[in-house]
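The values are calculated or read from the model by the stated rules, or taken from the named source; none is laboratory data. Keep in mind it's a predicted model, so treat the numbers as computed, not measured. Heads up, the Cβs are rebuilt from the backbone with ideal geometry, glycines too, and the neighbour counts pull from every protein chain shown.
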(Lines give C-alpha, C1' and ligand atoms only; values in the text may rest on other atoms or scores of the structure.)
Protein backbone atom coordinates (compact mmCIF):
# COMPACT_ATOMS: atom_id res chain seq x y z
CA UNK A 1 0.00 0.00 0.00
CA UNK A 2 2.87 2.36 0.64
CA UNK A 3 4.10 2.60 -3.03
CA UNK A 4 0.52 3.36 -4.15
CA UNK A 5 0.09 6.08 -1.55
CA UNK A 6 3.37 7.58 -2.61
CA UNK A 7 2.23 7.76 -6.24
CA UNK A 8 -1.03 9.41 -5.21
CA UNK A 9 0.78 11.97 -3.13
CA UNK A 10 3.14 12.84 -5.95
CA UNK A 11 0.19 13.30 -8.34
CA UNK A 12 -1.58 15.63 -5.89
CA UNK A 13 1.57 17.65 -5.45
CA UNK A 14 1.96 18.01 -9.22
CA UNK A 15 -1.61 19.31 -9.57
CA UNK A 16 -1.05 21.86 -6.80
CA UNK A 17 2.06 23.18 -8.52
CA UNK A 18 0.20 23.48 -11.83
CA UNK A 19 -2.55 25.47 -10.15
CA UNK A 20 -0.10 27.80 -8.44
CA UNK A 21 1.59 28.46 -11.79
CA UNK A 22 -1.70 28.96 -13.74
CA UNK A 23 -3.28 31.46 -11.36
CA UNK A 24 -0.62 34.19 -11.72
CA UNK A 25 -0.58 33.69 -15.50
CA UNK A 26 -4.35 34.10 -15.72
CA UNK A 27 -4.29 37.12 -13.40
CA UNK A 28 -1.59 38.71 -15.48
CA UNK A 29 -3.80 38.40 -18.56
CA UNK A 30 -6.47 40.61 -16.97
CA UNK A 31 -4.27 42.99 -15.02
CA UNK A 32 -2.75 44.79 -18.04
CA UNK A 33 -4.25 46.68 -21.01
CA UNK A 34 -3.42 47.26 -24.61
CA UNK A 35 -4.61 50.06 -26.92
CA UNK A 36 -5.42 49.85 -30.59
CA UNK A 37 -5.39 53.37 -32.08
CA UNK A 38 -7.90 52.34 -34.72
CA UNK A 39 -10.56 51.33 -32.21
CA UNK A 40 -12.03 54.77 -31.18
CA UNK A 41 -15.65 55.38 -30.23
CA UNK A 42 -16.92 58.91 -30.94
CA UNK A 43 -20.17 60.21 -29.33
CA UNK A 44 -22.23 63.13 -30.75
CA UNK A 45 -22.72 65.55 -27.89
CA UNK A 46 -25.39 67.71 -29.64
CA UNK A 47 -28.58 65.77 -30.22
CA UNK A 48 -30.94 68.79 -30.15
CA UNK A 49 -32.26 70.42 -33.31
CA UNK A 50 -32.33 74.23 -33.43
CA UNK A 51 -35.78 75.83 -33.15
CA UNK A 52 -37.16 78.24 -35.78
CA UNK A 53 -39.42 80.44 -33.67
CA UNK A 54 -40.81 82.69 -36.42
CA UNK A 55 -40.92 82.91 -40.21
CA UNK A 56 -42.69 85.40 -42.49
CA UNK A 57 -42.69 86.72 -46.02
CA UNK A 58 -42.89 90.47 -46.53
CA UNK A 59 -42.84 92.79 -49.54
CA UNK A 60 -39.50 94.50 -50.14
CA UNK A 61 -40.94 98.05 -49.87
CA UNK A 62 -41.55 97.49 -46.16
CA UNK A 63 -44.53 97.69 -43.88
CA UNK A 64 -46.84 94.83 -42.96
CA UNK A 65 -45.67 91.27 -43.57
CA UNK A 66 -47.67 88.22 -44.62
CA UNK A 67 -48.80 89.58 -48.01
CA UNK A 68 -47.19 89.36 -51.46
CA UNK A 69 -48.53 90.11 -54.93
CA UNK A 70 -47.85 88.21 -58.13
CA UNK A 71 -44.72 89.55 -59.80
CA UNK A 72 -43.79 91.40 -56.60
CA UNK A 73 -40.48 91.46 -54.77
CA UNK A 74 -40.26 90.09 -51.25
CA UNK A 75 -37.97 88.88 -48.45
CA UNK A 76 -38.14 85.84 -46.18
CA UNK A 77 -37.57 86.67 -42.50
CA UNK A 78 -36.94 84.25 -39.63
CA UNK A 79 -35.93 84.00 -36.01
CA UNK A 80 -33.92 81.01 -34.80
CA UNK A 81 -33.39 80.28 -31.10
CA UNK A 82 -29.87 79.67 -29.80
CA UNK A 83 -28.56 76.11 -30.22
CA UNK A 84 -29.28 74.24 -26.96
CA UNK A 85 -27.02 71.22 -27.52
CA UNK A 86 -24.68 70.31 -24.64
CA UNK A 87 -22.26 71.45 -25.84
CA UNK A 88 -23.92 73.36 -28.70
CA UNK A 89 -22.54 72.61 -32.14
CA UNK A 90 -23.77 75.94 -33.61
CA UNK A 91 -26.15 76.86 -36.44
CA UNK A 92 -24.91 75.64 -39.81
CA UNK A 93 -27.64 76.97 -42.09
CA UNK A 94 -31.10 78.53 -42.26
CA UNK A 95 -32.96 77.91 -45.51
CA UNK A 96 -36.47 78.49 -46.82
CA UNK A 97 -38.65 76.59 -49.26
CA UNK A 98 -40.84 79.21 -50.96
CA UNK A 99 -41.41 77.29 -54.17
CA UNK A 100 -45.17 77.87 -53.89
CA UNK A 101 -44.47 81.57 -54.49
CA UNK A 102 -41.27 81.43 -56.56
CA UNK A 103 -40.90 78.35 -58.71
CA UNK A 104 -37.73 76.36 -57.94
CA UNK A 105 -36.93 78.25 -54.74
CA UNK A 106 -36.70 75.17 -52.52
CA UNK A 107 -33.57 76.02 -50.49
CA UNK A 108 -33.19 79.80 -50.29
CA UNK A 109 -30.38 80.82 -47.92
CA UNK A 110 -31.16 83.23 -45.07
CA UNK A 111 -28.23 85.17 -43.62
CA UNK A 112 -27.81 86.32 -40.04
CA UNK A 113 -28.18 89.99 -39.18
CA UNK A 114 -30.50 92.54 -37.63
CA UNK A 115 -33.67 93.12 -39.63
CA UNK A 116 -37.06 94.71 -38.97
CA UNK A 117 -40.33 94.10 -40.79
CA UNK A 118 -43.86 94.95 -39.76
CA UNK A 119 -42.60 96.29 -36.45
CA UNK A 120 -40.93 92.97 -35.53
CA UNK A 121 -37.18 92.27 -35.28
CA UNK A 122 -35.71 89.24 -37.06
CA UNK A 123 -32.28 87.63 -36.92
CA UNK A 124 -32.27 86.14 -40.42
CA UNK A 125 -33.34 87.36 -43.86
CA UNK A 126 -33.06 86.19 -47.43
CA UNK A 127 -31.96 88.22 -50.42
CA UNK A 128 -34.79 89.87 -52.38
CA UNK A 129 -36.87 87.31 -54.25
CA UNK A 130 -39.30 87.69 -57.13
CA UNK A 131 -42.76 86.14 -56.94
CA UNK A 132 -44.06 84.35 -60.01
CA UNK A 133 -45.61 86.65 -62.61
CA UNK A 134 -48.87 84.74 -62.28
CA UNK A 135 -50.11 83.52 -58.90
CA UNK A 136 -53.61 82.70 -57.78
CA UNK A 137 -54.86 84.78 -54.89
CA UNK A 138 -55.06 83.15 -51.47
CA UNK A 139 -52.82 81.38 -48.97
CA UNK A 140 -49.52 79.76 -50.02
CA UNK A 141 -47.44 77.60 -47.68
CA UNK A 142 -43.70 77.85 -47.06
CA UNK A 143 -41.14 76.38 -44.65
CA UNK A 144 -38.00 77.66 -42.97
CA UNK A 145 -35.49 75.00 -41.83
CA UNK A 146 -32.58 75.52 -39.44
CA UNK A 147 -29.75 72.94 -39.31
CA UNK A 148 -26.92 72.80 -36.77
CA UNK A 149 -23.35 71.60 -37.28
CA UNK A 150 -24.24 68.19 -35.82
CA UNK A 151 -26.79 67.67 -38.60
CA UNK A 152 -29.89 68.20 -36.44
CA UNK A 153 -32.66 70.06 -38.30
CA UNK A 154 -36.00 71.59 -37.46
CA UNK A 155 -38.59 73.21 -39.74
CA UNK A 156 -41.13 76.00 -39.26
CA UNK A 157 -44.27 75.91 -41.43
CA UNK A 158 -45.97 79.16 -42.36
CA UNK A 159 -48.21 80.72 -44.98
CA UNK A 160 -48.39 83.96 -46.95
CA UNK A 161 -51.41 85.56 -48.61
CA UNK A 162 -51.21 86.36 -52.29
CA UNK A 163 -53.15 89.59 -52.93
CA UNK A 164 -53.40 90.85 -56.50
CA UNK A 165 -56.19 93.39 -56.03
CA UNK A 166 -55.60 97.14 -56.01
CA UNK A 167 -57.13 99.05 -53.07
CA UNK A 168 -60.04 101.34 -53.91
CA UNK A 169 -61.46 104.51 -52.45
CA UNK A 170 -64.59 103.26 -50.69
CA UNK A 171 -66.32 106.23 -49.07
CA UNK A 172 -65.80 109.75 -47.75
CA UNK A 173 -67.67 111.27 -44.83
CA UNK A 174 -67.43 114.33 -42.59
CA UNK A 175 -68.78 114.85 -39.08
CA UNK A 176 -69.57 117.98 -37.09
CA UNK A 177 -67.99 118.37 -33.65
CA UNK A 178 -70.45 118.23 -30.75
CA UNK A 179 -71.92 121.70 -30.22
CA UNK A 180 -70.49 122.94 -33.53
CA UNK A 181 -72.19 124.59 -36.49
CA UNK A 182 -73.25 122.21 -39.24
CA UNK A 183 -71.83 123.31 -42.57
CA UNK A 184 -68.96 125.33 -41.01
CA UNK A 185 -65.51 123.75 -40.96
CA UNK A 186 -64.14 124.21 -37.44
CA UNK A 187 -61.88 122.82 -34.72
CA UNK A 188 -62.83 119.21 -33.90
CA UNK A 189 -64.72 118.43 -37.12
CA UNK A 190 -63.59 115.27 -38.91
CA UNK A 191 -62.97 113.97 -42.41
CA UNK A 192 -63.06 110.17 -42.79
CA UNK A 193 -61.59 108.39 -45.83
CA UNK A 194 -62.50 104.72 -46.18
CA UNK A 195 -60.50 102.29 -48.34
CA UNK A 196 -61.63 98.91 -49.66
CA UNK A 197 -58.79 97.32 -47.62
CA UNK A 198 -56.00 98.47 -45.31
CA UNK A 199 -53.23 100.44 -46.99
CA UNK A 200 -49.66 100.85 -45.81
CA UNK A 201 -49.26 103.90 -43.57
CA UNK A 202 -45.68 104.29 -44.82
CA UNK A 203 -46.96 104.75 -48.37
CA UNK A 204 -48.80 107.87 -47.22
CA UNK A 205 -46.23 109.39 -44.87
CA UNK A 206 -42.67 108.14 -44.41
CA UNK A 207 -42.18 106.42 -41.06
CA UNK A 208 -45.88 106.60 -40.18
CA UNK A 209 -47.29 103.64 -38.26
CA UNK A 210 -50.93 104.73 -38.48
CA UNK A 211 -50.93 106.24 -34.98
CA UNK A 212 -52.13 109.80 -34.55
CA UNK A 213 -49.78 112.26 -36.25
CA UNK A 214 -49.94 115.99 -36.93
CA UNK A 215 -51.02 117.26 -40.34
CA UNK A 216 -52.31 120.47 -41.88
CA UNK A 217 -55.74 120.57 -43.52
CA UNK A 218 -56.34 122.97 -46.39
CA UNK A 219 -59.64 123.93 -47.97
CA UNK A 220 -59.08 125.51 -51.36
CA UNK A 221 -61.48 128.17 -52.64
CA UNK A 222 -61.91 127.57 -56.36
CA UNK A 223 -64.29 130.46 -56.93
CA UNK A 224 -63.50 133.89 -58.33
CA UNK A 225 -65.04 137.07 -56.98
CA UNK A 226 -67.48 134.93 -55.05
CA UNK A 227 -69.06 133.66 -58.27
CA UNK A 228 -68.82 129.97 -57.35
CA UNK A 229 -67.03 128.84 -60.49
CA UNK A 230 -65.72 125.67 -58.86
CA UNK A 231 -66.38 123.56 -55.78
CA UNK A 232 -64.25 123.95 -52.68
CA UNK A 233 -61.71 121.18 -52.22
CA UNK A 234 -60.04 119.63 -49.15
CA UNK A 235 -56.36 118.64 -49.24
CA UNK A 236 -54.19 117.09 -46.53
CA UNK A 237 -50.63 118.43 -46.11
CA UNK A 238 -47.80 117.36 -43.86
CA UNK A 239 -47.29 118.86 -40.42
CA UNK A 240 -45.02 121.55 -41.81
CA UNK A 241 -47.63 122.54 -44.41
CA UNK A 242 -44.99 122.17 -47.12
CA UNK A 243 -46.10 119.13 -49.11
CA UNK A 244 -49.43 117.51 -49.93
CA UNK A 245 -49.84 113.94 -48.69
CA UNK A 246 -50.80 111.38 -51.37
CA UNK A 247 -54.45 111.23 -50.37
CA UNK A 248 -55.78 113.06 -53.38
CA UNK A 249 -58.51 115.64 -52.87
CA UNK A 250 -62.09 115.80 -51.66
CA UNK A 251 -64.56 117.92 -53.61
CA UNK A 252 -67.08 119.22 -51.06
CA UNK A 253 -69.87 119.44 -53.64
CA UNK A 254 -70.40 123.18 -53.07
CA UNK A 255 -68.45 126.42 -53.44
CA UNK A 256 -69.53 128.23 -50.28
CA UNK A 257 -67.48 126.56 -47.52
CA UNK A 258 -64.72 129.06 -48.34
CA UNK A 259 -64.99 132.36 -50.16
CA UNK A 260 -62.62 135.14 -51.26
CA UNK A 261 -62.25 137.76 -53.93
CA UNK A 262 -59.71 135.85 -56.00
CA UNK A 263 -59.82 132.38 -54.51
CA UNK A 264 -57.31 131.20 -51.95
CA UNK A 265 -56.77 128.71 -49.15
CA UNK A 266 -57.80 128.43 -45.52
CA UNK A 267 -55.87 126.20 -43.14
CA UNK A 268 -56.61 124.11 -40.08
CA UNK A 269 -53.93 123.03 -37.63
CA UNK A 270 -50.96 124.86 -39.16
CA UNK A 271 -50.63 126.54 -35.78
CA UNK A 272 -52.43 126.45 -32.45
CA UNK A 273 -54.18 123.12 -31.98
CA UNK A 274 -52.77 120.81 -34.63
CA UNK A 275 -54.89 118.83 -37.05
CA UNK A 276 -54.30 115.08 -36.65
CA UNK A 277 -54.48 112.02 -38.88
CA UNK A 278 -55.04 108.47 -37.59
CA UNK A 279 -55.43 105.15 -39.40
CA UNK A 280 -57.57 102.34 -38.03
CA UNK A 281 -58.14 99.28 -40.18
CA UNK A 282 -59.10 100.53 -43.62
CA UNK A 283 -60.04 104.10 -42.58
CA UNK A 284 -58.11 107.32 -42.11
CA UNK A 285 -59.68 109.92 -39.82
CA UNK A 286 -58.52 113.52 -40.00
CA UNK A 287 -59.51 115.87 -37.15
CA UNK A 288 -59.42 119.58 -37.90
CA UNK A 289 -57.25 121.83 -35.77
CA UNK A 290 -57.26 125.59 -35.26
CA UNK A 291 -58.71 127.59 -38.15
CA UNK A 292 -56.60 130.16 -40.01
CA UNK A 293 -58.09 132.39 -42.74
CA UNK A 294 -56.40 134.86 -45.06
CA UNK A 295 -57.93 138.08 -43.80
CA UNK A 296 -59.99 140.76 -45.48
CA UNK A 297 -58.82 140.31 -49.08
CA UNK A 298 -58.17 136.59 -49.02
CA UNK A 299 -60.32 133.52 -48.53
CA UNK A 300 -62.17 132.83 -45.31
CA UNK A 301 -64.48 130.08 -44.19
CA UNK A 302 -68.23 130.36 -44.45
CA UNK A 303 -71.25 128.30 -43.43
CA UNK A 304 -72.56 126.36 -46.43
CA UNK A 305 -75.96 127.55 -47.56
CA UNK A 306 -77.23 124.14 -48.63
CA UNK A 307 -76.46 120.47 -49.05
CA UNK A 308 -74.13 118.69 -51.42
CA UNK A 309 -72.35 115.41 -52.03
CA UNK A 310 -68.62 115.04 -51.51
CA UNK A 311 -66.43 113.16 -54.00
CA UNK A 312 -63.01 111.79 -53.16
CA UNK A 313 -60.46 111.56 -56.00
CA UNK A 314 -57.48 109.45 -54.84
CA UNK A 315 -53.99 109.19 -56.34
CA UNK A 316 -52.04 106.03 -57.16
CA UNK A 317 -49.18 106.55 -54.69
CA UNK A 318 -50.56 104.63 -51.67
CA UNK A 319 -50.30 100.83 -51.78
CA UNK A 320 -51.75 97.97 -49.80
CA UNK A 321 -50.05 95.29 -47.65
CA UNK A 322 -49.01 93.38 -50.77
CA UNK A 323 -47.73 96.54 -52.56
CA UNK A 324 -50.66 96.84 -54.99
CA UNK A 325 -50.92 100.51 -56.02
CA UNK A 326 -54.07 102.45 -55.23
CA UNK A 327 -56.75 102.72 -57.91
CA UNK A 328 -57.55 106.29 -58.93
CA UNK A 329 -61.28 105.60 -59.28
CA UNK A 330 -63.32 108.18 -57.37
CA UNK A 331 -65.57 107.49 -54.38
CA UNK A 332 -68.82 109.37 -53.90
CA UNK A 333 -70.08 110.10 -50.41
CA UNK A 334 -72.68 107.55 -49.39
CA UNK A 335 -76.05 108.56 -47.95
CA UNK A 336 -78.27 111.54 -48.78
CA UNK A 337 -76.89 114.93 -49.74
CA UNK A 338 -75.95 116.96 -46.67
CA UNK A 339 -73.83 119.80 -45.37
CA UNK A 340 -70.22 118.77 -44.79
CA UNK A 341 -68.68 119.32 -41.38
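Here is how the numbers come out for the structure above:
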read-out: Single unsatisfied condition, residue 157 versus (1) under 30 Å from residue 85 (Cβ atoms); (2) crowded, with 16+ Cβ neighbours inside 10 Å; value: (2)
read-out: Residue check, residue 248 in contact with a strand residue (DSSP E or B) (Cβ under 8 Å, 6 or more places away or on another chain) and modelled with pLDDT of 95 or more; value: yes
read-out: Residue 119, sole failed condition from (1) buried (at least 16 other Cβ atoms within 10 Å of the Cβ); (2) at pLDDT below 95; value: (1)
read-out: In segment 134-154, the residues that are in a strand (DSSP E or B) and surrounded by fewer than 16 Cβ atoms within 10 Å (Cβ to Cβ); value: 138, 139, 141, 153
read-out: Matching option when the condition is more than 28 Å from residue 196 (Cα to Cα) and either loosely packed, with under 15 Cβ neighbours inside 10 Å or touching a helix residue (DSSP H, G or I) at 6+ places or on another chain (Cβ under 9 Å) (or both), among 240, 263; value: 240
read-out: Set 151, 130, 90, 85: member being within 30 Å of residue 314 (Cα to Cα) and either outside the structural domain of residue 194 (by TED's automatic domain parsing) or in contact (Cβ under 8 Å) with a residue 12 or more places away in the chain (or both); value: 130
read-out: Criterion violated by residue 88 - all others in (1) modelled with pLDDT under 95; (2) under 20 Å from the mean Cα position of the chain (by Cα) satisfied; value: (2)
read-out: Those residues of segment 163-182 which are surrounded by 20 or more Cβ atoms within 10 Å (Cβ to Cβ) and closer than 16 Å to residue 325 by Cβ, in sequence order; value: 163, 167, 169
read-out: Yes/no for residue 317 being assigned to a loop (DSSP other than H, G, I, E, B) and in contact with a helix residue (DSSP H, G or I) (Cβ under 8 Å, 6 or more places away or on another chain); value: yes
read-out: Selected residue (criterion: surrounded by the most Cβ atoms within 10 Å (Cβ to Cβ)) from residues of segment 187-197 that are in contact with a strand residue (DSSP E or B) (Cβ under 6 Å, 6 or more places away or on another chain) and more than 29 Å from residue 72 (Cα to Cα); value: 191
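Yes/no matrix, rows are residues, columns are (1) without any contact (Cβ under 8 Å) to a residue 40 or more places away in the chain; (2) surrounded by 16 or more Cβ atoms within 10 Å (Cβ to Cβ); (3) outside the structural domain of residue 119 (by TED's automatic domain parsing); (4) over 29 Å from the mean Cα position of the chain (by Cα):
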site	(1), (2), (3), (4)
280	no, no, yes, no
285	no, yes, yes, no
290	no, no, yes, yes
310	no, yes, yes, yes
323	no, yes, yes, no
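Let's see how each residue does on (1) more than 30 Å from residue 137 (Cβ to Cβ); (2) at pLDDT 95 or above; (3) touching a helix residue (DSSP H, G or I) at 6+ places or on another chain (Cβ under 6 Å):
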| residue | (1), (2), (3) |
| --- | --- |
| 253 | yes, yes, no |
| 270 | yes, yes, no |
| 279 | no, yes, yes |
| 329 | no, yes, no |
